[in-house]
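Trainee: Next up is a structure, given as structure tokens.
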Amino acid sequence: MQRKKPAKLVWTQAWRRLNKKGATDVTVKKNRRRTNKVARAVVGLSLDDIRKRATQKSEVRSAQRDAALKEVKARKVSNKGKSGKKAVAGGQVNKVPKNVKRVKR
């Protein structure tokens, strides 16, 4: 005669464990810690600077951006004027062909 597995017999402890019977004490939920967000300073900015920028209004930021763009454009124009005069005064410009085929000899 073949033996039966204890987990198949309803009256055994193995079956009761497998089918979660007899667990009279109610388990209490485990307390889980939520992850906290931590603000950290970046290489170029201190934490105070980052907080100031976060609280700034968008109008202020856009005005700063526009001012920076105007400054960059003015700098480009002034550089272009300087470099343009140099190229004309130089006279000769060395032209190098872009795709030179090298032939093995």
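Trainee: Just to confirm, what accessible area per residue do you get for the chain at 1.4 Å probe, in whole Å²?
Mentor: With all protein chains present, the chain gives 115 Å² per residue.
Trainee: Give the average over all directions of the projected area of the C-alpha convex hull of the chain, one decimal, in nm².
Mentor: One quarter of the hull surface, i.e. the mean projection, equals 27.8 nm².
Trainee: Given labels modelled 7 Å from the Cα in the Cβ direction, how far is it in nm from residue 41 to residue 75?
Mentor: Computed distance between label sites residue 41 and residue 75 equals 2.6 nm.
Trainee: Moving on. In straight Cα distance, which lysines are under 23 Å from residue 4, not counting same-chain residues fewer than 8 positions off?
Mentor: In chain and number order, the partners are 20, 21.
Trainee: Between residue 3 and residue 27, what FRET efficiency comes out of the Förster formula 1/(1 + (r/R0)^6) with R0 = 30 Å and r the beta carbon distance, rounded to 0.05?
Mentor: With a Förster radius of 30 Å, E is 0.35.
Trainee: Nearest 500 deg cm²/dmol is fine: what mean residue ellipticity at 222 nm does the chain get from its DSSP H runs of n ≥ 4 alone, each adding -39,500 (n - 2.57), divided by its residue count?
Mentor: After summing the helix terms and dividing by residue count, I get -15000 deg cm²/dmol.
Trainee: Heavy-atom accessible area of residue 69 with all protein chains present, probe 1.4 Å, nearest 10 Å²?
Mentor: 90
Trainee: Ignoring ligands, DNA and RNA, what percent of the 1.4 Å accessible area of the chain is carbon and sulfur?
Mentor: Roughly 54 percent of what the probe reaches on the chain is carbon or sulfur.
Trainee: In nm, to one decimal, how far is the residue 34 label point from the residue 61 one, both placed 7 Å along Cα→Cβ?
Mentor: Taking the two extended label points, one gets 2.5 nm.
Trainee: Same structure again: Under 17 Å Cα to Cα from residue 82, which aspartates and glutamates show up? Leave out anything in the same chain fewer than 8 places away.
Mentor: 71
Trainee: Distances longer than 20 Å among the Cα atoms of segment 1-58: what percent of all pairs is that?
Mentor: Numbers: 1081 of 1653 pairs.
Above the 20 Å cut-off, segment 1-58 has 65 percent of its Cα pairs.
Trainee: Sticking with this structure for a sec: What angle, in degrees between 0 and 90 and rounded to the nearest 10, separates the Cα long axis of helix 58-90 from the longest principal axis of the Cα atoms of the chain?
Mentor: That helix lies at roughly 40 degrees to the long axis.
The values are calculated or read from the model by the stated rules, or taken from the named source; none is laboratory data. Not measured: the values here are computed from a predicted model. Because the Cβ atoms are built from the backbone with ideal geometry, glycine has one as well, and the counts that use them run over all protein chains shown. Just so you know, the surface numbers come from the protein's heavy atoms only, side chains and all, with ligands and any DNA or RNA stripped out. Shrake-Rupley method; radii C 1.70, N 1.55, O 1.52, S 1.80 Å.
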